[in-house]
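The structure appears right after this line, and notes come after that.
The values are calculated or read from the model by the stated rules, or taken from the named source; none is laboratory data. Here the structure is a predicted model, which means the values were calculated and not measured. Here the Cβ positions follow ideal geometry from the backbone for every residue, glycine too, while neighbour counts run over all protein chains shown. Each accessible area value is taken on the protein alone, full model and side chains, heavy atoms only, with ligands, DNA and RNA left out. Shrake-Rupley method; radii C 1.70, N 1.55, O 1.52, S 1.80 Å.
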Amino acid sequence: MSAVGEQPLLRNVKPVDPELLVGDLIQPGHPLFGVVWVNRERMSGAPCFYGTRVPIKNLFDYLEGGHTLDQFLDDFEGVTREQAVALMELARAGVLMELPRAQRKQ
């Protein structure tokens, strides 16, 4: 992920139970850790905001539908402003196209 710098994207990554990271494609040390997590066992492998079951696609759907970022954050508890802003900056830089894909269970 060459477009992502060496610095972490978030200053404060909320802790989660280590069991929730088992099988996740975005592990500690990955530049996107704390922003996004991807696991085929969670939401059929859809990339979600880290620490939640909220697909990142929901943010873009909200914004495309004319809603504000504040409305999104009010409606999707657990997603932080820092995560949402980091995600939008990654999208602007084209980094999200490089997200690892979780394979669906057969």
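Worth pointing out:
- Matching residues, the stretch 58-74, being touching a residue at least 12 places away in the same chain (Cβ under 8 Å) and among the polar types (S, T, N, Q): 58
- Only one of the numbered conditions (1) surrounded by fewer than 16 Cβ atoms within 10 Å (Cβ to Cβ); (2) free of Cβ contacts under 8 Å to residues at least 40 places away in the same chain is violated by residue 103, and that is (2).
- Here is the figure for the stretch 75-95: residues that are touching a residue at least 60 places away in the same chain (Cβ under 8 Å) and open to solvent by less than 40 Å² (accessible area, probe 1.4 Å) total 5.
- For residue 55, the conditions (1) surrounded by 19 or more Cβ atoms within 10 Å (Cβ to Cβ); (2) free of Cβ contacts under 8 Å to residues at least 40 places away in the same chain; (3) closer than 17 Å to residue 97 by Cα; (4) in contact with a Cys (Cβ under 8 Å, 6 or more places away or on another chain) all hold with the exception of (1).
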